[in-house]
1. By its C-alpha gyration tensor, with a ≥ b ≥ c as the square roots of the eigenvalues, how is segment 40-192 shaped: rounded for a/c under 1.5, else prolate for a/b larger than b/c, else oblate?
2. How far is it, in nm, from the label point at residue 338 to the one at residue 104 when both lie 7 Å from their Cα along the line to the Cβ?
3. Lysines near residue 292 by alpha-carbon distance under 21 Å, same-chain residues fewer than 8 away left out - which ones?
4. Would you tell me the accessible area of residue 322, worked out with a 1.4 angstrom probe on the heavy atoms of the protein chains, in Å² to the nearest 10?
5. Build a GNM of the chain with springs between Cα atoms under 10 Å: which of 246, 129, 336 gets the top mean-square fluctuation?
6. Rounded to a whole number, what % of the accessible area of the chain do carbon and sulfur atoms account for, probe 1.4 Å?
7. Going by the alpha-carbon gyration tensor, a ≥ b ≥ c the square roots of its eigenvalues, is the chain rounded (a/c under 1.5) or, if a/c is not under 1.5, prolate (a/b greater than b/c) versus oblate?
8. Can you give the accessible area of residue 221 in Å² (nearest 10), computed on protein heavy atoms with a 1.4 Å probe?
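The values are calculated or read from the model by the stated rules, or taken from the named source; none is laboratory data. Here the structure is a predicted model, which means the values were calculated and not measured. In this analysis, Cβ positions are derived from the backbone assuming ideal geometry, glycine residues included, and neighbour counts consider all displayed protein chains. Just the protein is used for accessible areas: all its heavy atoms, side chains included, with ligands, DNA and RNA removed. Shrake-Rupley method; radii C 1.70, N 1.55, O 1.52, S 1.80 Å.
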Amino acid sequence: MNRKYTGFVPLSLSELDTLTQELSRLLGTQHPPVIIPGEAIIGIEAVAAGIAAPGRTILNIVTGPYGSLFGEWLERGGATVAQVKVSFDQVVTVEEVAAAIERYQPVALSFVQAEVVTGGSNPAEEIFKLARRHHLITVTDSVSAVGGEALNVDEWEVDFAVIGAQKALAGPNGVSAVSISPRGWAFLESNERAPRNSILSLLDIKPSPDGTAPLRVPPNIPVLEARALIEALEAVAEEGLSQVIKRHERAAASAIAGISELGLEAWQKDSRHYSTLTTTVRINDEQLLLIKQPMGIVAPGDGELFGQLLRINHFGTNASRDSVESAVQTLARLLKQDAGQAVQAVRQVWSDAE
């Protein structure tokens, strides 16, 4: 039987328009985001390269390893980096940020919204309100947060928000986006050191100022990943973003109930700031919990956190009761405990939240 080869079908302008519209709707912004042809770490580095310059003091909040990396990229670009760093088992407080702003008088502020590596979630809305009062340019790494918690770009006046689809949105990791406000574009354009003719250049892919559609699809956008992202965004729209967020909240609450029944404690110290995407479990020298490879959605700590915590990655399609139950059963097996009561705790919390 002969198969007819139809050939490669390029991404159409209509598909690109759908992608940007869905992203704008997701983020609550009237300004179309720029599409990044790769994993979101490229967008994060591009923002750092675009805003960093000698003479600019930028307040960088470090509550996990990605915040540390962003600070290094800012310093590489010549910026003076004022750092607020806290222990990775807690998040920053608004009071700490306010004190740092008064002390360092920065022109911009950057932070990671939700830390999937540490299981903490920074008080994003309050930080943005504080930054607005001081007229600061704001940068958020919301790669993990988007879809798992609120991110209202225009309402909160966020200048740079980097997002990815591979966490709460249950999408691909080969394409991402950066939402940039008019103030953000002006801040980029005022930096003569901002990259041009580079994969890190945001200015090279700036949308037209009058909002008209491009004449052609940028050739560097990965077609299959773009189509997969469109499907993921349409699935989120169909379920409803608020429902997606609530599903992640239920997953986090039920995971906490399950680990507590097993006699385990959360890595994050303040229950008000638990991430909805991951629940991190403090190991406390419990040798039975020292795994080296992921077991389902249970994974060892990354980098310096290896041996200190375990992660339950209940995001995306795994923000479900079945996935959390399976993770709790995995932990029970490691501890050589019966999982019955822990599973029942998961089911009770999930049921109560519905």
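1. Values: a/c = 1.41, a/b = 1.17, b/c = 1.20.
Verdict is rounded for segment 40-192.
2. Simple spin-label model gives 5.3 nm for this pair.
3. Here the lysines satisfying the reach criterion relative to residue 292 are 336.
4. 110
5. 336
6. Values: 7820 of 16190 Å².
Carbon and sulfur together cover 48 percent of it.
7. Numbers: a/c = 1.98, a/b = 1.26, b/c = 1.56.
It is oblate, given that a/c is not under 1.5 and a/b is not larger than b/c.
8. 10
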